[in-house]
Amino acid sequence: MPLSLLKVAFAIKKMSMKKIFSILGICITLIVVLGCKPNNAETKQLECTRKIPIEVSLPTDLATELNSFIVSDFKDAKGMIKVFDMETGKLKYQLAPKGEAKDEVLEASNFELLKDNEETWLYVYDLGKGKLLKYDFGNLANNGNPTQIDKLKSNDRYYCINNIGKGYAALGVFENHKFDLLNDSLKKYSTYGSYLPNKEKVSNKMIDAMANFGRSVVSSDKKILVNFSFAAGVLRFYDIKDGTLIHRKDAVVKPMNYKVKNDDYQLQDGLGFLDAAISDNYVYALYSGEKENFNAPMPTASYVYKYDYQGNLKDIYHLDKATFTLAVKNDNSQLFTIVDDPNSKIFVYNLK
């Protein structure tokens, strides 16, 4: 579902919009010059009903499953993926320790929870080693080690990999397409999709690719994939069918709008979507629309846009405290965020 910090390449969205892409040898600075407010649709105010303290160093993403919070903690070498009790905030399990061993990781770039045959699996992508670790989430009490580890079959660098049932959709900095499609063994077999159109035509394809840096999320039943770029207020909805993606709709709050200057790009209308979470039938997306505050430790946002699976806007919420990540219960009863208050706490919001 984190930023004016400086991190190494293709790190997760909680990084600053000022990033160093050291792995690809690409340096990019996002400079935001204008703010933007959400559209005029009716907005519902949400007030936090409970705060749950958790012990984390640098949290980046949040998810929920089986009465647990799952948090990626970029700086904790003992385990970059932490599982907390939803009621007490107590640490239950710590996975993906940092190291060179087979079941260790160098950089947990993204994770996702997916269901398969009534079982829940946790996928953790290690950008540093180019491998994907699979954990039996429902059996962590008996086995905290990955049950399967797959390694990329090429030297391609991806910053986000998502399971789409039969294979994976991978995001990287590509000049002529949006996704690499990989088979179950992480071998590339095709490409798919295009980048968001910019308000002003751009001839430099690499700059356009970098401006579209973002993330994808997949529903737990692997029916839809939603992609967003941090630089735009656009959610792209894709249906997943037989291991392929079918573009359904663009849900637009603010189109992509940047100008190229000195082989870099400058945003003209503020930041876009920072995170998204998918329940059993809705998509919740965290929207900024404001210029980045470079004096703040990370970009945050306080508006949440709710869409159905077809990309139709259903609600807009305004949180009482800005955040960088969010998660939602599958039954749409509660929304969760992480806030420094002053230490990290999970904020609970009732939706019903």
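Values computed for the structure shown
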| quantity | calculated |
| --- | --- |
| All positions within the stretch 328-352 that are closer than 15 Å to Y305 by Cα and part of a strand (DSSP E or B) | V328, Q334, L335, F336, T337, Y349 |
| In the stretch 208-231, the residues that are within 14 Å of the chain's Cα centre (by Cα) and assigned to a loop (DSSP other than H, G, I, E, B) | N212, F213, S219, F230, A231 |
| Residue that is farthest from K75 (Cα to Cα), among those in the stretch 85-109 that are in contact with a Lys or Arg (Cβ under 7 Å, 6 or more places away or on another chain) and assigned to a strand (DSSP E or B) | D85 |
| Odd one out for W121 among (1) hydrophobic (A, V, I, L, M, F, W, C); (2) surrounded by fewer than 13 Cβ atoms within 10 Å (Cβ to Cβ); (3) touching a helix residue (DSSP H, G or I) at 6+ places or on another chain (Cβ under 8 Å) | (2) |
| Subset of the stretch 308-339 [closer than 22 Å to N67 by Cα, exposed (fewer than 15 other Cβ atoms within 10 Å of the Cβ) and of a type outside the set (S, T, N, Q)] | D331 |
| Count of the stretch 277-304 residues which are assigned to a strand (DSSP E or B) and more than 17 Å from V348 (Cα to Cα) | 3 |
| Residue pairs meeting the criteria (Cβ under 6 Å; at least 6 apart or on separate chains; first within 17 Å of N139 (Cα to Cα) and modelled with pLDDT of 95 or more, in the stretch 90-104; second crowded, with 16+ Cβ neighbours inside 10 Å and among the aromatic types (F, W, Y)) | L91/F84 |
| The stretch 270-288 residues that are under 16 Å from V252 (Cβ atoms), paired with ones that are part of a loop (DSSP other than H, G, I, E, B) and among the aliphatic types (A, V, I, L, M) (beta carbon under 6 Å, 6 or more apart) | G270/L34; G272/A231; G272/A232; S288/L271 |
| Total residues in the stretch 50-84, condition surrounded by 14 or more Cβ atoms within 10 Å (Cβ to Cβ) and outside any strand (DSSP E or B) | 8 |
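The values are calculated or read from the model by the stated rules, or taken from the named source; none is laboratory data. Since we're looking at a predicted model, the values are computed, not measured. Note that we place each Cβ from the backbone using ideal geometry, even for glycine, and neighbour counts take in every protein chain shown.
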